Amino acid sequence: MDPAAYVPDVFDPRIYGAGIPYESYRLLRDRHPVAWQAEPEIQGWPAGPGFWAVTRHADVVRVLRDHATYSSWLGATQIRDPDPADLPFLRRTMLNQDPRRSAGDHGRLRRLVSRAFTPARVDAFAGRVRERARTLLATARAKAEDGAADLVRTVTDEYALLNLTDLLGVPAADRGLLLEWTVRIIGYQDPEDAPAPLLGPDGKPLNPRSPALLGEMFSYARELAAHKRAHPGDDVMTALAEAGLDPAELEMFFFLLTVAGNDTVRSAAPGGLLALARDPGAYRLLADGRAPMHTAVDELLRVHPPVLTFRRTAAVDTELAGQPIRAGDKVVVFHASANHDERVFTDPGRLDLGRTPNAHVSFGDGPHVCLGAHFARLQLRVLYEEWRAAMPAPELAGPPRRLVSNFINGITRLPLRVSGPAG
């Protein structure tokens, strides 16, 4: 085979359990920036028709910004095609809407969330976030076994979950439910991380995002909204409960905020610590104050984006990077590849905590850019600051484990040394 004709597979979720395929991404960027990928049946999940993988930064940004050509509405935003019967349900969330196709709903819903997620409301949680980081890190040190702890189990899962539930206004007794729902929905491709999938009448796994499997979450969202109307607080669920949303919109908002809001930091926080553990020299710059924390947070997000891929569907016949694309084709952007594009980032394989400018796409771009980015950056900055103040330099105490997923860039185990002097 002509080496120039080789198109590596970047679809199989099992690839990502071993590590992000940076070399495959580089080959695609250099030779096949818009490359056809097969979608075979894997681990019982049904085969699909295939899709175009978009790996260069400029093309990723173009797809994310051009909602008229590359639609979230037509086929939703996951690589796997939804059941056609579920598509109207999935379109209730703004993630699966387009500004021009949603009868004004997309803009209205984004404005509503923007008002609920005001910087002032988020910043008011900074003290609580810092105290939580401090407490969780101290507990990890106190309960360390042989000087080491799994930071995912002892710190970052709880940190992301409790910060989000504080902001949402979820009662403490109910917080475990949110983590259970997140693991079921996000980790479904990983046979170790997620519970066994429920099977449909045909023996195939049911999509965990289908309405049939979200009834418990939606029932809880309605009960919580009713409670907030009777007992309002300064929290996001009170703002949503009082916003005049219809029940279906409220349910999908709760779904989106619970899953996306939790898993962004749940993935990024251990990913950032892992990157620092693998580059002691970079961490020393951060510990000594020679790398600004705000640029460090964005560089760690660049090298470990929480989300690996998002799907769009071509609304019209078009062309991208010289590749003809037909209306109805799936077009999937690869964030981790775009964040390592040599055309945009000098020496992209190097962890440069002072990198500026830093045009990473870890929070997306265009009309669907992440509304929770400010809250995520706040949590990550505070966690790294508290680590720097109280913990030894990050050092692996065993092999980390990655989530088997072509969607979420998850770390499911991260054993680090936690005993020793700070710095």
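Dividing the convex hull volume of the alpha carbon atoms of the stretch 273-423 by its residue count gives 125 Å³ per residue.
With 0.36 nm allotted per residue and the present C-alpha distance subtracted, the Glu242-Ala4 stretch has 79.9 nm of extension available. Helical content alone sets the calculated 222 nm signal of the chain at -13000 deg cm²/dmol, taking -39,500 (n - 2.57) per DSSP H segment of four or more residues and averaging over every residue. Taking the Cα centre of the chain as origin and assigning +1 to Lys and Arg Cβ atoms and -1 to Asp and Glu Cβ atoms, the resulting dipole is close to 820 debye. So for the chain, taking the charge dipole from beta-carbon charges (+1 Lys/Arg, -1 Asp/Glu), which of Ala296, Val63, Leu308 sits furthest toward the positive end? About the Cα centre, the residue reaching furthest to the positive side is Ala296.
Along its principal axes, the stretch 1-44 has C-alpha extents of 32, 20, 19 angstrom, given from the largest down. For the stretch 1-82, the C-alpha radius of gyration sits at 1.17 times the compact-globule guess of 2.2 N^0.38 Å, with N the residue count. When only the Cβ of Lys, Arg, Asp and Glu is charged (+1, +1, -1, -1), the dipole of the stretch 278-355 relative to its Cα centre reaches about 200 debye. Diagonalising the gyration tensor over the Cα atoms of the stretch 357-406 and scaling each eigenvalue by 5 before taking the square root yields semi-axes of 27, 18, 10 Å, largest first. From the alpha carbon centroid of the stretch 136-171 to that of the stretch 279-298 is 23 Å. Sorted largest first, the spans of the alpha carbon positions of the chain along the three principal axes are 62, 59, 42 Å. Among 378-387, 239-248, sorting by the average number of other beta carbon atoms lying within 10 angstrom of each residue, highest first, gives 378-387, 239-248. Among the helices of the chain, those built from whole DSSP H runs whose Cα atoms reach 18 Å or more along their own axis and whose mean Kyte-Doolittle hydropathy is at least -1.0 are 126-142, 215-230, 247-277, 373-390. Going toward the positive end of the dipole of the chain, with +1 on Lys and Arg Cβ and -1 on Asp and Glu Cβ, which of Gly322, Val152, Ala390 do you reach last? Positive-most Cα among the choices belongs to Ala390. Under the convention that each Lys and Arg Cβ holds +1 and each Asp and Glu Cβ holds -1, the size of the dipole of the stretch 15-158 around its Cα centre is about 900 debye. Per the Debye formula on identical point scatterers at the alpha carbon atoms of the stretch 218-295, with no solvent, log10 I(q)/I(0) at q = 0.11, 0.14 Å⁻¹ is -0.50, -0.62. With viscosity 1.306 mPa s and temperature 10 °C, the Kirkwood radius over alpha carbon pairs of the stretch 280-360 converts through Stokes-Einstein to a diffusion coefficient of 108 µm²/s.
All of the numbers you see were taken from the coordinates with simple rules; none came from a lab. Remember, predicted model here, so these are calculated numbers, not experimental data. Cβ coordinates were reconstructed from backbone atoms using ideal geometry, including for glycine residues, and neighbour counts include every protein chain displayed.
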